[in-house]
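These notes concern the structure reproduced below.
The values are calculated or read from the model by the stated rules, or taken from the named source; none is laboratory data. Keep in mind that what you see is a predicted model, and the values were worked out from it rather than measured. Here the Cβ is made from the backbone with ideal geometry for all residues, glycine too, and neighbour counts use every protein chain on show.
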Amino acid sequence: MYPYNFRSLQRGINHNEIFIVMPFSAELESIYTDLIVPAVSKANELLGRTGQNLLRTYRSKDDIRTASGWVNVLEHLTTAQIILGVLTQDNANVFYELGIAHATQPITRQILIAEKEYEPKFDIKDLIYHPYEPDLSKSIEPLALKIKDAVDWYKISEEKKIRQAIMQLGPYEFEVIMFHNGKRNFVLHTGKEHRDNYENDIRRTHGDDYAKGAFERHVPAISNLCRIGLLGLDTHAESIQGKPIVNIQFSYHWTDLGNDVFLSLKLIGPEEVIARRDGLPRYFL
């Protein structure tokens, strides 16, 4: 499978994974065991991570499952919180995988390391990489700090997206959120009967004054929520009795960003965010 055609099975980023892209040669095994592993352990300490929240390394060579292979590599290149690449030995497989990461993932989620005297090839001479000392123990803490910085930067960038989305919410957008945030998806039909039913649903909870004109308020608000990126429209088309006529079903889903906004506003909890992410259409992430 070519990377262009690949679609990840996992929903969103695995915030606990550091995917290690490095040569499999025995002579570099100490880079993993004596530098990377202890640096990740130190980064967990610096970040205050414990238990299920620990950062963990993943190497495809250590995966004994039958699913391991090229598709598995693409999966982890796409979803790992951090991709840590070892440039030492100028390994062709490493360069190919890192090239995919550079083209598809934010550079802020990537860390490159190489031996102290490493001389980069022409096409990568401008990439930022971090040299490690011959005495690997001296490079553990500097690498741990790089890992911590990458995690912190990701959190800052995600929080910035959430704040920007919240700042674009008007009173009617917030009204839609408060009415529909408890649902993972909902339908909005435009026929008069459906409009009346919609307002009656609101009337039972909030009273007549609040419900009056709610449909007219909510339609443009939903359009704006789609524009901001908190909502998305999912459709399914089916033929009727084998004829070319299609029956189109649709519903609005709260996107990954939308559910993160709800989490920030304390409208839902972390477990619900995970559950909703697993049920989202793939292109909503």
Collect the residues in the range 78-94 that are without any contact (Cβ under 8 Å) to a residue 60 or more places away in the chain and in contact with an Asp or Glu (Cβ under 9 Å, 6 or more places away or on another chain), keeping them in residue-number order. LEU87
Those helices (runs of 4 or more DSSP H) lying entirely in the range 164-264 with at least 1 residues under 29 Å from ILE13 (Cα atoms): 171-180, 214-228, 256-264
Here are some residues: ILE82, ILE140, ILE107, ILE177. Which one is crowded, with 16+ Cβ neighbours inside 10 Å, β-branched (Val, Ile, Thr) and farther than 30 Å from GLU272 by Cβ? ILE140
When only residues in the range 114-141 that are touching a residue at least 60 places away in the same chain (Cβ under 8 Å) and out of contact with any Lys or Arg (no Cβ under 8 Å at 6 or more places or on another chain) count, which is nearest to LEU84 (Cα to Cα)? SER139
Of the candidates LYS155, LYS146, LYS61, the one satisfying the condition of being assigned to a helix (DSSP H, G or I), more than 24 Å from TYR4 (Cβ to Cβ) and modelled with pLDDT of 95 or more is LYS146
Within the range 194-201, identify whether any single residue is among the basic types (Lys, Arg), assigned by TED's automatic domain parsing to the domain that holds GLY269 and either at pLDDT 90 or above or out of contact with any helix residue (DSSP H, G or I) (no Cβ under 7 Å at 6 or more places or on another chain) (or both), and answer yes or no. no
All but one of (1) surrounded by 12 or more Cβ atoms within 10 Å (Cβ to Cβ); (2) under 16 Å from GLY229 (Cβ atoms); (3) without any contact (Cβ under 8 Å) to a residue 24 or more places away in the chain; (4) more than 20 Å from the chain's Cα centre (by Cα) hold for ILE202, so report the exception by its number. (2)
